[in-house]
1. To the nearest 0.05, how large is the calculated FRET efficiency for B:ARG65 and A:LYS44 if R₀ is 51 Å and r is the Cβ-Cβ distance?
2. When chain B is treated as a GNM, springs tying every alpha-carbon pair under 10 Å, which of B:LEU35, B:LEU12, B:LEU45 comes out with the largest mean-square fluctuation?
3. Quick check on the protein assembly as shown: what are the equivalent-ellipsoid semi-axes from the Cα gyration tensor, as sqrt(5λ), descending, whole Å?
4. Using R₀ = 25 Å, calculate the FRET efficiency as 1/(1 + (r/R₀)^6) where r is the Cβ-Cβ separation of B:VAL28 and A:VAL28; round to 0.05.
5. For the stretch B:1-76 and the stretch D:1-65, what is the separation of their Cα centres, given in Å?
6. Can you compute the FRET efficiency between D:ASP78 and C:ASP78 using 1/(1 + (r/R0)^6), with r the Cβ-Cβ distance and R0 = 51 Å? Round to the nearest 0.05.
7. Tally Lys and Arg at +1 and Asp and Glu at -1 over the other residues with C-beta under 13 Å from the C-beta of E:THR13: what net charge comes out?
8. Counting only other chains, and only Cβ atoms inside 10 Å, what mean value do you get across the residues of C:38-46?
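Computed from the coordinates by the stated procedures, all read-outs in this text should not be read as laboratory data. Keep in mind it's a predicted model, so treat the numbers as computed, not measured. Cβ coordinates were reconstructed from backbone atoms using ideal geometry, including for glycine residues, and neighbour counts include every protein chain displayed.
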Amino acid sequence: MQILQVKKELVLTSRLEGLGHLPIKALVSQTGEVLVAMDPVGTKLGDWVFTIANSAARDAAGDKRLLTDLTVGGIIDDWQPEQK
Amino acid sequence: MQILQVKKELVLTSRLEGLGHLPIKALVSQTGEVLVAMDPVGTKLGDWVFTIANSAARDAAGDKRLLTDLTVGGIIDDWQPEQK
Amino acid sequence: MQILQVKKELVLTSRLEGLGHLPIKALVSQTGEVLVAMDPVGTKLGDWVFTIANSAARDAAGDKRLLTDLTVGGIIDDWQPEQK
Amino acid sequence: MQILQVKKELVLTSRLEGLGHLPIKALVSQTGEVLVAMDPVGTKLGDWVFTIANSAARDAAGDKRLLTDLTVGGIIDDWQPEQK
Amino acid sequence: MQILQVKKELVLTSRLEGLGHLPIKALVSQTGEVLVAMDPVGTKLGDWVFTIANSAARDAAGDKRLLTDLTVGGIIDDWQPEQK
């Protein structure tokens, strides 16, 4: 699982039906990498969260038919990103 | 899930039968990494898309027997790649 | 599997129910990468551990319904991180 | 899926039985990373190919009991590696 | 699959039961990355091996209940690491 910060909600066109109705958000790691996750938790921009990948991501999204490989699992209280 | 830009459609020889009939496209990340994905969405060159990996990629392609580990899930409206 | 050092226990709000009741810990690799894992072993801060990823992580956590992609598998005796 | 170039066929000793009888080849990415894949396609040294990872790799190899996490899916016509 | 060199056998405390009785070894890549794998092949320190990841790793270890995401698949004869 990874620690990422919520950056923006994505607006999608031509999306697959199997994505369901959860918001899909762009998240950024402490090293600047951008990833995309389903958000069943209801995060706000700027929240530090941890994400669950691969097969567990589908169950985490609430329905194993959902088309996701990354889902927000929870919001981390009081996370201090490292100084580089 | 990752954010990638559509670069070109691949022309393949000697391909496996289980790849089916969807177009297979080369995509590039913001850091320059090149990946290959099935495209059930019908993207155009230059579109910014997000991709779904691993077991969900097969369902995303429309048939879990398809041989893919990466499938386009949707086109992102108005994505602004980061300045580096 | 990877070798990581236990850094801190995470305090989570708004977490998914399927995470169960094991502690969730931030771990750091020798190169400084931060990852998050479930800990069924009972590690202490500073322990060097190895982690199990993806589908085996769920079984390692003791119940394959648990929402994890990374679980601590054991504590390594006498690990000497490399000099860089 | 990734784009890689065929580098050499591996000669193996003490290999597991579940690897079957397909050739196992070392492939190199455009950034110099070396990976190993099963080859059901019959590639030649120097061919640019794309590879399929994880669970789909086993089906791609022709039998889901085969012990592989990476399998060649097809040969790419006329691939021009990027100038760096 | 990846090419790695056997570095040392790990001594573990507080390990999970589901790890079984195979040796668990630290391996190092040509770029210096350290990974951990189960070894059903019986490798010696310094051997160049290839490893099988994720779901196939569990079958490669001989029992799909084993808690592993990386297993040694075979020893490579006469591997010449690249000059950098």
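1. Efficiency at R0 = 51 Å is approximately 0.80.
2. B:LEU12
3. 30, 30, 19
4. 0.85
5. 20 Å
6. It comes out at approximately 0.40.
7. Local charge sum for E:THR13: -1.
8. So the per-residue partner count for this stretch is 1.
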